[in-house]
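Report on the following structure.
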Amino acid sequence: MEKKASNITVQALQRMPYYLHCLEQARDNGIKTISATSIANELKLNDVLVRKDIAAVSSTQGKPKAGFPVDELILDIIDYMGYNDKKDAIVVGAGSLGRALLGNHEFEGYGLSLVAAFDIKPELIGKEINGIPVYHISELETFCSEHRVPIGIITTPPDVAQGIADTFCRVGIMAIWNFALTRLDVPEGVLVQNENLASSLAMLSHHITK
């Protein structure tokens, strides 16, 4: 199926994994068709919003009262999000957070294949973490150039993250998943997705101490 042309929003894209999980649960429970309202109720979202999101990616029209074919809608979302198009990624920083990411096998279901990790600790170099080889950081640029890796993940201390991002950009990495507690300066056209765990924890802490 060709992807539908759509001006789908970033927020809608971020909701797609939730829709997919909901649909997969419905399929596993033997449900053949599902309405946007049912999805909205399950996820506690506005049904008009869900209907608009689904219409942006669905290859079929939902039927009145019956809704959308579950199997087809699952395939539509997987296709639209590119989950069948496997994308290689590397992790720079094999500390506790980096190791946690390297051990997350669910990434494969979202089209992400972690192929290598990089660090500076001598005791890690040449080893494997969950079957993924760890290289010295000095090999980063050569590895990326040879393997044309499109996605780079940063789990380093903040003071070295910009240098890693600069290397990513030099070798053509166009998408960076940044877990370092710093903002990155990258050229136009390079996407940075920041994950600030400290900010999330701050919100939780503030809530329970108010």
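The values are calculated or read from the model by the stated rules, or taken from the named source; none is laboratory data. Computed from a predicted model, the values in this text were never measured in an experiment. Don't worry about glycine lacking a Cβ; one is built from the backbone with ideal geometry, like all the others, and counts go over all protein chains shown.
Quick one: which residue in Ala40, Ala26, Ala89 is hydrophobic (A, V, I, L, M, F, W, C), in a helix (DSSP H, G or I), at pLDDT 95 or above and touching a strand residue (DSSP E or B) at 6+ places or on another chain (Cβ under 9 Å)?
Numbers: Ala40 fails: touching a strand residue (DSSP E or B) at 6+ places or on another chain (Cβ under 9 Å); Ala89 fails: in a helix (DSSP H, G or I).
Selected residue: Ala26, the only one of Ala40, Ala26, Ala89 that is hydrophobic (A, V, I, L, M, F, W, C), in a helix (DSSP H, G or I), at pLDDT 95 or above and touching a strand residue (DSSP E or B) at 6+ places or on another chain (Cβ under 9 Å).
Looking at the structure I just gave you, is Leu114 within 24 Å of Gln11 (Cα to Cα) and among the aliphatic types (A, V, I, L, M)? For Leu114, the condition - within 24 Å of Gln11 (Cα to Cα) and among the aliphatic types (A, V, I, L, M) - is not met.
Under the condition of being part of a strand (DSSP E or B) and in contact (Cβ under 8 Å) with a residue 40 or more places away in the chain, which residue from the range 151-203 is surrounded by the fewest Cβ atoms within 10 Å (Cβ to Cβ)?
Selected residue: Trp177.
Screening Asn84 with (1) part of a helix (DSSP H, G or I); (2) of a type in the set (S, T, N, Q); (3) within 22 Å of the chain's Cα centre (by Cα) gives one miss only, at (1).
In the range 43-52 there is at least one residue that is at pLDDT 95 or above, closer than 28 Å to Leu191 by Cβ, part of a loop (DSSP other than H, G, I, E, B) and not assigned by TED's automatic domain parsing to the domain that holds Phe168. Counting the residues of the range 120-139 that are surrounded by 14 or more Cβ atoms within 10 Å (Cβ to Cβ) and either under 30 Å from Gln14 (Cβ atoms) or of a type in the set (Ser, Thr, Tyr) (or both) gives 3.
This table checks each residue for (1) assigned to a helix (DSSP H, G or I); (2) within 18 Å of Asn178 (Cβ to Cβ); (3) not assigned by TED's automatic domain parsing to the domain that holds Glu139.
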position	(1), (2), (3)
Leu97	yes, yes, no
Ala100	yes, yes, no
Phe107	yes, yes, no
Ser113	no, no, no
Phe118	no, yes, no
Lys121	no, no, no
Ile125	no, no, no
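Name every residue in the range 87-99 that is out of contact with any Asp or Glu (no Cβ under 7 Å at 6 or more places or on another chain) and surrounded by 12 or more Cβ atoms within 10 Å (Cβ to Cβ), in order of residue number. Passing the criteria: Lys87, Asp88, Ala89, Ile90, Val91, Val92, Gly95, Leu97, Gly98, Arg99. Within the range 105-122, if we keep just the residues that are modelled with pLDDT under 95 and out of contact with any strand residue (DSSP E or B) (no Cβ under 7 Å at 6 or more places or on another chain), the residue that is nearest to Ala55 (Cα to Cα) turns out to be Tyr110.
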